[in-house]
Amino acid sequence: MGVSRLHLDYETKSDLNLKVVGAYKYAAHPSTRILMLGWAFDDEPESLWEPHLGPIPPRLLAGIKDSSINKHAFNAAFERLITRHCLGIEVPPEEWRCTMVEAFYLGFAGRLDKVLKAVGLVPKDARGGRLISMFCTPAGKNHKADWYDWENRPLEWHDFCDYCRQDVRVERQLWHWMQQFPVMHDWDYRQWFTDQRINDRGVPMDTAMARGAIDMWHLEKERVTAQMQEDMGIPKVTRGPFLEWIEHQTGVVLESTQKEYLASLLHKKVLPPEAKPLVELWVQKEGKATSKYNAVINGSGDDDRARGMFQYKGAARTDRVGGRLIQLQNLKRPIYGETSQTIANVVAAIKTGDPAFIPMLYKDSVSSVLGGSIRHALCAGDGKMFVVSDLTSIESVVLGWIAQCPAIDATFREGRDSYRMFASIYYGIPYDAVTKEQRGFSKPPVLGCGFMLGWKGLIAYAEGYGVDMTDTQAKAAVDTFRGMYPEIVKFWRWIGDAVKHTTSTGSPISGYRLAIERDDHMLRIWLPSGRALSYYLPEVRRMEAPWSTVEKPAMIDNFTYMGMNDKNQWVRISAHAGGTTENIVQSLAGDILWHGIQNATEAKLPVVLHVHDEIAAEVDTLQAPAALATLRECMISKPKWCEDMWLGADGFITKRYTKD
């Protein structure tokens, strides 16, 4: 039997910082060079090619070029790009297999060393970070050499070679370890191939706008700082003097200077008049108004396209796509009431770099306008337009479908708005009598309560949408949602009991189009789309209930598993039924979106970005109306596993990316 796998790991050097500019710009830069390449066929011993010692070994070169051999690497996108730009060999995505993506599929996250530690395999050499810093980046100032290499650091270079060989060995060990579990389906890998081509295509960027935004914020921050110094009568505005001044002058004791905390106080309007202006200025001064504009500059190539912005399966526990570089998944909301003309006006103002133009257009602060305008830095090329389409209320649709809730299904099939439906029940008024404000109030309950959000959580969640709720209103909203959709409440009980039952007994259980099973390592929830959500080392643990008090202590059995928390720490995570429901719903919504992406790709639409429930393609201006109609049809075409689900999609045509 012939060779089927070639495991690869490059070590490279470059003038560019890989973490700052991303793999695409890094690999294509003229200064980027291969220092060494660790490699191994199948389960043969690891070998090492060092270019300074001679040409690439013929067998290795032949293996790279052999289309019948799959090339394996942890974060294979990087190896693919280095192979393209530094070896001059184009190996299509179909010939690559990514151990990192396969680890993400099983519920792991992070760098190779973190995954190895999580599964208990031999860890990477702890010296690796120091060796990479020594050989892969320019030497620091006052060093004897501009670069370190095999000549001026021979002992460390020997260690570096061992490290590269070890990377091949541990990546291969991890691949073997993962083969004991259900692996990614061929159709799942085909989606990754499409993901790679979308990343290759890149998103067109207006780098001139980004530079203008950076210049504008530099001037505005100077102005804000000078105003605070004048108002407070101090020479330097830092955290300590700011907190002391606020307390002494206004009597307000601030718990912290974190932007989220201060913004919450401003939103709740609890600050006295004498404190409010200074707190507003502090929030502006300490904000990161231009961080994403810097990412636009850093991540864009010579052709002003940013590549590598999407990480397949990069969102923990849902298999959805994660954001990289500019992080399109968490852009700020655009300024309310935008039109194509106001977008053109604000972009023109930002390009001047002069903050004085912003008050002429908006009452909002310069930092708010810059943050809300970042979408517009994504600009279709000459003679091109973006066609953008998004799935209608996809999470609500999927939740109603999986929970078998006829009321939600009927709402969408009858062409009604789910927020207005909620408002009509909550306020006790006819559907057509719901006001704009009442609909806005209803949005957080509809979006959050489906995942078992309680009234306290709803208050905090609503703040993110700019909605103020009293305790009484939040309690009524939770009760209203659960009363309208009792099938969802029933589903929570079932999924919560089911995962605990299978975790405790090992016995599989099925229901609601789901199948739950476990082995020694994993609990798996098989989805109707054919994928599984995996939870590593599941346990049921007795824990204090969230509603427990000193007067009335309460304990509950909780489903727990090992995973990465929101602080990038590998810890045991406690999950309630609402969280598991959210994982299932978001994962299925992601599958539906990918079905649309694959349909669009087959229809020859050049997809350049996709975010949550939305797809955008860059097309010729004259073809845009027809392309938009095609894209919409691609998105509402149903996968076979959910042919009874209602799907809808809306769309628009725009030169600069925005929200409809």
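The values are calculated or read from the model by the stated rules, or taken from the named source; none is laboratory data. Treat the numbers as computed from the prediction; the structure is a model and nothing was measured. Here the Cβ positions follow ideal geometry from the backbone for every residue, glycine too, while neighbour counts run over all protein chains shown. SASA here: full protein model, heavy atoms, side chains in, ligands and nucleic acids out. Shrake-Rupley method; radii C 1.70, N 1.55, O 1.52, S 1.80 Å.
Please pick out the residue among Thr392, Thr352 that is open to solvent by 50 Å² or more (accessible area, probe 1.4 Å) and not aromatic (Phe, Trp, Tyr).
On the way: Thr392 fails: open to solvent by 50 Å² or more (accessible area, probe 1.4 Å).
On inspection, the qualifying residue turns out to be Thr352.
How many residues are part of a loop (DSSP other than H, G, I, E, B), touching a residue at least 24 places away in the same chain (Cβ under 8 Å) and among the acidic types (Asp, Glu) if we restrict to segment 225-279?
1
This table checks each residue for (1) of a type in the set (A, V, I, L, M, F, W, C); (2) without any contact (Cβ under 8 Å) to a residue 40 or more places away in the chain; (3) touching a Ser or Thr at 6+ places or on another chain (Cβ under 6 Å).
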{"site": "Glu614", "(1), (2), (3)": "no, no, no"}
{"site": "Asp620", "(1), (2), (3)": "no, no, no"}
{"site": "Gln623", "(1), (2), (3)": "no, yes, no"}
{"site": "Met635", "(1), (2), (3)": "yes, no, yes"}
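Taking interchain pairs and intrachain pairs at least six residues apart, which have beta carbon atoms under 7 angstrom, with the first residue in segment 296-310 and closer than 16 Å to Leu328 by Cβ and the second among the basic types (Lys, Arg) and part of a loop (DSSP other than H, G, I, E, B)?
Correct list of pairs: Gly308/Arg324; Met309/Arg324; Phe310/Arg324.
Condition first: over 17 Å from Lys13 (Cβ atoms) and either modelled with pLDDT of 90 or more or of a type in the set (Val, Ile, Thr) (or both). Now tell me which residues in segment 122-157 satisfy that. Before you say what the answer is, go through the steps one by one.
Going through segment 122-157, the residues over 17 Å from Lys13 (Cβ atoms) turn out to be 122-127, 141-142, 144, 155.
Val122, Leu155 - these are the residues of segment 122-157 that are over 17 Å from Lys13 (Cβ atoms) and either modelled with pLDDT of 90 or more or of a type in the set (Val, Ile, Thr) (or both).
Conditions tested, residue by residue: (1) of a type in the set (Phe, Trp, Tyr); (2) over 19 Å from Gln196 (Cβ atoms); (3) crowded, with 21+ Cβ neighbours inside 10 Å; (4) over 21 Å from the mean Cα position of the chain (by Cα).
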residue: Glu274; (1), (2), (3), (4): no, yes, no, yes
residue: Glu280; (1), (2), (3), (4): no, yes, no, yes
residue: Val283; (1), (2), (3), (4): no, yes, yes, yes
residue: Tyr293; (1), (2), (3), (4): yes, yes, yes, no
residue: Gly301; (1), (2), (3), (4): no, no, no, yes
residue: Asp304; (1), (2), (3), (4): no, yes, no, yes
residue: Gly308; (1), (2), (3), (4): no, no, yes, no
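Would you be able to tell me the number of residues in segment 325-346 that are surrounded by 20 or more Cβ atoms within 10 Å (Cβ to Cβ) and among the charged types (D, E, K, R)?
Total meeting the criteria: 0.
Hey, Phe78 hits all of (1) farther than 25 Å from Arg197 by Cα; (2) out of contact with any Ser or Thr (no Cβ under 6 Å at 6 or more places or on another chain); (3) open to solvent by 10 Å² or more (accessible area, probe 1.4 Å); (4) modelled with pLDDT of 95 or more but one; which does it fall short on?
Phe78 satisfies all of (1) farther than 25 Å from Arg197 by Cα; (2) out of contact with any Ser or Thr (no Cβ under 6 Å at 6 or more places or on another chain); (3) open to solvent by 10 Å² or more (accessible area, probe 1.4 Å); (4) modelled with pLDDT of 95 or more except (1).
Looking at Ala575, Ala515, Ala532, can you tell me which residue is at pLDDT 95 or above and under 26 Å from the mean Cα position of the chain (by Cα)?
Ala532
If I go through segment 51-65 residue by residue, how many of them are open to solvent by 60 Å² or more (accessible area, probe 1.4 Å) and part of a loop (DSSP other than H, G, I, E, B)?
1
Which residues, counting only those in segment 416-430, are in a helix (DSSP H, G or I) and open to solvent by 70 Å² or more (accessible area, probe 1.4 Å)?
Ile425, Tyr427
Which of (1) more than 21 Å from Ser574 (Cα to Cα); (2) surrounded by fewer than 17 Cβ atoms within 10 Å (Cβ to Cβ) is the odd one out, the single condition Gly506 does not satisfy?
(1)
For segment 542-572, which residues satisfy the criterion of being without any contact (Cβ under 8 Å) to a residue 24 or more places away in the chain and either on the phi > 0 side of the Ramachandran plot or hydrophobic (A, V, I, L, M, F, W, C) (or both)?
Answer for segment 542-572, where residues must be without any contact (Cβ under 8 Å) to a residue 24 or more places away in the chain and either on the phi > 0 side of the Ramachandran plot or hydrophobic (A, V, I, L, M, F, W, C) (or both): Ala545, Trp547, Val550, Ala554, Met555, Ile556, Val571.
So Pro241 ticks every box in (1) of a type outside the set (Val, Ile, Thr); (2) in contact with a helix residue (DSSP H, G or I) (Cβ under 6 Å, 6 or more places away or on another chain); (3) open to solvent by less than 80 Å² (accessible area, probe 1.4 Å) but one. Which box is left unticked?
(2)
For residues that are open to solvent by 80 Å² or more (accessible area, probe 1.4 Å) and either over 20 Å from Leu16 (Cα atoms) or touching a residue at least 40 places away in the same chain (Cβ under 8 Å) (or both), tally how many sit in segment 128-164. Reasoning before the result, please.
First pass over segment 128-164, keeping only residues open to solvent by 80 Å² or more (accessible area, probe 1.4 Å): 130, 141-144, 146, 150-151, 155, 158.
After this cut, where a residue has to be either over 20 Å from Leu16 (Cα atoms) or touching a residue at least 40 places away in the same chain (Cβ under 8 Å) (or both) as well, the list is 144, 150-151, 155, 158.
Total meeting the criteria: 5.
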